[in-house]
Each structure stands twice: as C-alpha cells, then as structure tokens.
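Below is one structure, written out as structure tokens, with a few remarks after it.
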Amino acid sequence: MIIKDLSIWKIFDSRGEETVECEILTEKGVFRASVPSGKSKGKREAVSVDFARAKKSAAELKKLLVGREFSSVREFDKALLDADGTDDKSRLGGNVLLGYSIAFSRARASERDVSLWLLLRREFFPNADDSRRPSIFANLMNGGAHADSGLDIQEYMLVVRPGKNYADDVALAVDVYRSLGNTLRKKFKSKVLPLGDESGYALPLKDNFEPIKLLENEISARKLGKKCSIALDVAASSFFTGKAYKFGGETLNAKELCKRYEDYFKRSKYLCSIEDPFAEDDVDGFRMLLPKLGEKWAVGDDLTTTDAKRIREMAAKRAINAVIIKPNQIGTVSEACDALTEAKNLKLHTIVSHRSGETEDAFIISLARASSADGVKIGAPAHERMVKFNELIRVYEE
Ligand code: PEP
Ligand code: MG
C-alpha cells in the first residue's frame, strides 16, 4: 500500500478549541483521524503544537512519506518518531503524529480488509482474551477543571458492568443520567442544568461527597447494585498548591487527604475506583492509599501519561493497580499499544479513555476491543459523547 498524499485540517473540538484532522490518501481511498485535547493535562504528556506548526509538520511528513510503503503500524510509527527525533514529540507535535498514526492504521485495516480493532489485535495484542469486555465509565457529574460547580473532584462516574449487549448497557447509562437530571432539577428548582466539559451535571452541591450519595441513590433505587458502581477521577493536581491540597475548603497534607478517601470508601459501598487521587508527582501519596483499597482500583492518569516506562515504574513502586490509556498523551498508536501491553503484563487494570475536548473520532473504542481493556471512559451519555457510546455498540457486534 503506497502512500499517495497527506493532508491536514484545522478543526475544533467539543470545547471549541483548535485541533487537527489528519488525512492519508492511498489507492484504497482517503483515511482520516482527528485528535482530541485535554484540559487537565499531565505535565509529561506529548506536546501538542498549534495549527501553524502542525501545517509545517504535515508538509515535512508529506515529503518524507509520499511514495513509501509500510508493512505495519509500528513501522509507520517508527518513521514518524525518527522524523520527530525528540522525547516529547515537541518538534512535529504529538497531535500531528497521532493523527497520521491513526489514519495509517485505518488505511492498513482497509488494505487488509479487516476492521480496525482486528487489525490492531493482530499487530499488537495477538494473545488478548476476546471474551473480556470493558465496563463503561460514564462521567455524570463534573467539578474541578471541567466545571464551575465548586466541587474539587473532577469526575463522578457511573460504572456499568458489561451485560449481554452494549445497546442495553448504554440505554441504562442514559436512563440513570436522565433520572439524576430530574432529581437535580427538583433539588435546584431549575428546568435548565449547567453542564461541565464532558456533559456531566455541574452543580454547587453541599460538599465533595454529595455527588457520590446522589449516584448511590440512583443505583439503590433501581436495585442496580450488581450491575453498577461508582468511580471518581479526582485529578488532584488541579488542587495541589505545590505544598498542600485545597480540598473541601480545608488545607490538607497527603496523609490527611488519604484519610478523607478512606472515609469515602467506608461511607460508600458502591465506590470502586479512584483516579489521580494525588498530584502527578506525589508518588508517596499514591503509595499510601493503594494498600488501603484491597480489590478497589487506584488509577494513574496524569501520574502515568500512557507511557510504558512510567507505568512500569509506578507499578514497581506499588503506587497503582490500574491505569488510564489516552493515545494523545503519548502520541502514536504503537506507543499507546505498548503502554497497554505493559500494563497488562503487570496485571494492572486498563481503562481506555477519551479527553475532555473531544472530536467525532471514536478510535479509542477499537483500541479497547483490540486490547481487551477492562474499561472505556467516555463521558456523559449525551451530546457529542454519544458518538463513542454508539461506536461501542457497533464495534462489539463486529
Ligand atoms: C481526565 O482527566 O481523565 C480527562 C478525561 O480529562 P482531560 O482530558 O481534561 O485530561
Ligand atoms: Mg483523569
């Protein structure tokens, strides 16, 4: 399959921020990919360049790649990485490299006449267990950097364990989201509810625990205790001052914050997972909490930034037992797959995730199926996020 042409477009994500769509032309047709952007970003993430620089990167890659053939996604990605030559993708831009890497994966799937998830499975995860399907992590209430609700915790998620089919599971998530909306409309005596960046409700609730209580009520009222649980993404870097954590109106050290979380887990039998409970460099904080959690998940996101090496380090330090995988944190498909493989080898739970600023590209769902991930994190079941929920239904039927 010879690459005939490369193009790039400036497009806008769900938050109205500028991002890129990359396009590869082969004899099989045009293959596109667009790249999301994050708001609460880890400092070790691959660098995204603005569109003026992205255009220059695309022109350079066009000269390098047109007329060439690659026999795997990894080989294509190696050409991108060699061309960039930096550790953090700051020369050509992680956003540009990832856009072409995904577009090439689509072109190659078409050439091989297989679906995208199967191409990724064959190239990167030949031993994955296809009977395993991910739980849905649906973000229903928002705080932190994603909303003006005054809550410190960024995401309160409903976790839906996979049932017979994802159409039913998505319907359930939509139903809980709507019913929670009705409860909040009554509580705040308002027909219109403010929403955060991922369409979760963004309301000034009493304290950081109240959203957990509200989700619990939804779960208990419908007797969904076996099917659903609750996960948090604290995104604690956003309220770490460099010395202390400003949490719930108090100034806490890591030990005190750890106690607050322990108390949350005691008070809520449905709470099953906590992401980024401490700031991205506070490894000791993570290490303090993990032994208290038993089977529950301590998830690294800003801490690990989809980097296989960093994931290995954090697992060795016993800081986490689960990890978020966001392809644009690292900048190529191969490296995101390597991060997944590393996590799986280390027996960490894996959650493939969207970003707060999203596009209509649903690549992450194919990545989740290819790797047999344990979770997919895709925001609230509404508005632009519905694209990913619908893709989940389709990809797992293929
Ligand atoms: C997250 O922190 O997990 C997230 C999805 O938000 P962002 O894209 O802003 O990093
Ligand atoms: Mg996160």
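Values quoted throughout were computed directly from the atomic coordinates according to the rules given, and no laboratory measurement underlies them. Please read all numbers here as calculations on a predicted model, not as lab measurements. We place every Cβ from the backbone using ideal geometry, glycine too, and count neighbours over all the protein chains shown.
Residues whose amide H falls under 5 Å from that of V323, counting only those 5 or more places apart or on a different chain, are G300, H349, T350, I351, with hydrogens built in the peptide plane.
Positive end of the dipole of the chain (Cβ unit charges, origin at the Cα centre): among S229, I8, A308, the Cα lying farthest that way belongs to S229.
Per DSSP H run of n ≥ 4, the term is -39500 (n - 2.57); total these for the chain, divide by its residue number, and report the mean residue ellipticity at 222 nm rounded to 500 deg cm²/dmol.
That comes out to -12500 deg cm²/dmol.
Most simply put, the chain has about 60% antiparallel DSSP beta bridges, counting only bridges with both residues inside it. Mind checking which of N345, V96, C258 is farthest towards the positive end of the chain's charge dipole, using Cβ charges of +1 (Lys, Arg) and -1 (Asp, Glu) about the Cα centre? Of N345, V96, C258, it is C258. Dipole check for the chain: with +1 at the C-beta of Lys and Arg, -1 at the C-beta of Asp and Glu, and the Cα centre as origin, the magnitude is about 960 Debye.
Of K41/K63; K39/K266; K206/K266; K4/K41, which sit over 29 Å apart, Cα to Cα? Flagged as over cut-off: K41/K63; K39/K266; K4/K41.
The amide H of L203, built 1.01 Å from its N in the peptide plane, has N142 as neighbours under 5 Å, considering only residues 5 or more places off or on other chains. Rounded to the nearest 20, the Cβ-based charge dipole of region 292-359 about its Cα centre (Lys and Arg +1, Asp and Glu -1) stands at 320 debye. In order along region 195-209, phi translates into HN-Hα couplings of 10, x, 4, 10, 6, x, 5, 10, 10, x, 7, 4, 7, 5, 8 Hz, rounded to whole numbers, per the Karplus curve 6.51 cos²θ - 1.76 cosθ + 1.60 with θ = phi - 60° and x for Gly and Pro. Scanning residues 5 or more positions from R44 or on other chains, none has an amide H under 5 Å from its amide H, with H placed 1.01 Å from N in the peptide plane.
The ranking of M288, M157 from fewest to most other beta carbons within 10 Å of each one's beta carbon is M288, M157. Under the simplified labelling scheme, the K78-K186 pair shows an inter-label distance of 6.2 nm, with each label point 7 Å from Cα along Cα→Cβ. Approximating the spin labels as points 7 Å out from Cα along Cα→Cβ, the I393-to-S220 distance works out to 3.2 nm. Estimated at 0.36 nm per residue, the fully extended path between D5 and T86 surpasses their Cα-Cα distance by 26.7 nm. The relative contact order of region 101-210 comes to 25 percent, based on Cα pairs under 8 Å that sit 6 or more residues apart. The packing ranking, built from the mean of other Cβ atoms within 10 Å per residue, places the peptides 236-245, 314-323 in the order 314-323, 236-245, highest first.
Please state the shape class of region 15-159: rounded when a/c is under 1.5, otherwise prolate if a/b exceeds b/c and oblate if not, all from the C-alpha gyration tensor.
oblate
Note on the chain: dipole from Cβ charges, positive end direction compared against L25, S72, L118; the farthest Cα belongs to L118. The simple Förster model, with R0 at 25 Å and r as the Cβ-Cβ distance, assigns N127 and N165 a FRET efficiency of 0.50. The angle between the Cα long axis of helix 166-187 and the main principal axis of the chain comes to about 40°, on a 0 to 90 degree scale. Overall form of the chain: prolate. Here a/c, set by the Cα gyration tensor axes a ≥ b ≥ c, is 1.5 or more, and a/b is the larger of a/b and b/c. This model, with +1 at the C-beta of Lys and Arg and -1 at the C-beta of Asp and Glu, gives region 1-148 a dipole about its Cα centre of some 40 debye.
Ranked by how many other Cβ atoms sit within 10 Å of their own Cβ, fewest first, the residues M1, M141 fall in the order M1, M141. Measure up K269/K309; K28/K62; K78/K347 against 23 Å on the Cα-Cα distance and list the ones that go over. Table pairs above 23 Å Cα-Cα are K269/K309; K78/K347. Sorting the segments 255-267, 330-342 by their mean number of nearby beta carbons within 10 angstrom, highest to lowest, gives 330-342, 255-267.
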